[in-house]
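To keep things clear, I will list the structure first and then write my remarks on it.
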Amino acid sequence: MAIKIAEKWFERKKINDRLTLLWEPHVDPLIRCNIWHIRGRDADLLVDSGMGICSLKQAASDLFERSITAVATHTHHDHVGSLHEFSVRVVHRLEAPSMCSGAHKLPLLTADYPDDMKKALADVGCPLPEHSLLIAYPEKGFNPANVTLQGIEPTRLVDEGDRIDLGDLNFEVLHLPGHSPGSIALWEEKTGWFFSGDAIYDGPLLDNISGACVEDYLVTMERLLKLPVQSVYPGHDEIFGRSRHIEIARHYIQSKSL
Ligand SMILES: [Zn+2]
């Protein structure tokens with residue numbers, strides 16, 4: 001069956017005056033990352049950048065007129081695809097080597113994934129689709145076997161406690177390993193906003209893939225239980241509030257102590 005051609009690649013939703021969510025509806029939900037654009041008083045912030053199949057900067061050019069800092073919560077391919085389009089690129093120091101490890105093939109076909117990864121995903125209840133991770137193609141003649149993820153040097157390495165200041169919003173970097181060694185999240189104390197990347201989201205959490213670590217994840221979840229979040233803006237799936245945040249963290253901790 002011929003795969004359809006998408007009319008547009010990115011969707012967006014304005015969450016509030018400051019915050020816009022972008023996503024790629026034609027990417028399989030398993031690797032469909034939330035891309036967050038935050039408008040500050042003096043500068044803007046981008047949290048994650050999707051697959052890099054189409055230009056994010058061109059598709060949402062109105063959002064990128066001002067000075068912007070692009071943060072990668074971690075360097076899995078579904079979060080860093082368009083990072084190379086931005087001149088200020090922030091990542092945790094532990095993930096810098098994988099970010100600038102050169103261009104490589106973007107895995108868009110199920111056959112591109114190693115067997116241990118396929119098993120890890122099936123084991124947490126989210127098996128890869130039968131053939132392709134794309135629901136539609138961006139254009140005629142598109143070949144999913146031939147897409148490149150561009151490696152790029154970060155311009156700023158961050159660690160626990162570092163800050164990204166937008167003038168009126170001030171984000172603290174939290175180092176939250178478990179899903180990956182250098183997973184970070186951004187915490188804004190005044191608003192209670194928490195951009196969590198893949199440290200916590202409302203879906204099957206991946207702690208059995210290469211680079212993941214259950215012991216670290218447990219420490220991360222204990223930390224998250226104490227964080228007074230108001231709104232969690234995660235790397236995947238829906239936005240949630242404080243009570244769901246606590247529920248997810250508790251459930252993870254309990255599931256590992258059985
Ligand atoms: Zn990830």
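The values are calculated or read from the model by the stated rules, or taken from the named source; none is laboratory data. Owing to the predicted nature of the structure, the values given are computational and were not obtained by experimental measurement. Counting neighbours? That spans all protein chains shown, and the Cβs are built from the backbone with ideal geometry, glycine included. All accessible areas refer to the heavy atoms of the entire protein, side chains included, with ligands and DNA or RNA removed. Shrake-Rupley method; radii C 1.70, N 1.55, O 1.52, S 1.80 Å.
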### Message
So, Ser67, is that one among the polar types (S, T, N, Q) and either within 16 Å of the ligand (Cβ to nearest atom) or open to solvent by less than 10 Å² (accessible area, probe 1.4 Å) (or both) or not?
### Response
no
#### Entry: Filtered residues of segment 183-225 (kept if farther than 16 Å from Trp36 by Cβ, touching a Leu at 6+ places or on another chain (Cβ under 7 Å) and within 11 Å of the ligand (Cβ to nearest atom))
Ala212
### Task
Residue by residue through segment 1-45, note down the ones that are open to solvent by 30 Å² or more (accessible area, probe 1.4 Å) and not in a loop (DSSP other than H, G, I, E, B).
Lys4, Ile5, Glu11, Arg12, Lys13, Lys14, Trp23, Pro29, Leu30, Arg39
### Message
Return the residues of segment 1-17 that are in contact with a Phe, Trp or Tyr (Cβ under 9 Å, 6 or more places away or on another chain) and within 19 Å of Ile239 (Cβ to Cβ); say none if nothing qualifies.
### Response
Phe10, Glu11, Arg12, Lys13, Ile15
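Residue-by-condition table, conditions (1) modelled with pLDDT under 95; (2) over 18 Å from the mean Cα position of the chain (by Cα); (3) under 21 Å from Phe171 (Cβ atoms); (4) surrounded by fewer than 20 Cβ atoms within 10 Å (Cβ to Cβ):
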| site | (1), (2), (3), (4) |
| --- | --- |
| Lys226 | no, yes, yes, yes |
| Gly235 | no, no, yes, no |
| Glu247 | no, yes, no, yes |
| His251 | no, yes, no, yes |
### Summary
Of the conditions (1) more than 16 Å from the ligand (Cβ to nearest atom); (2) touching a helix residue (DSSP H, G or I) at 6+ places or on another chain (Cβ under 9 Å), the single one that His76 does not satisfy is (1)
### Query
Does any residue of segment 212-220 turn out to be touching a residue at least 60 places away in the same chain (Cβ under 8 Å) and of a type in the set (Asp, Glu)?
no
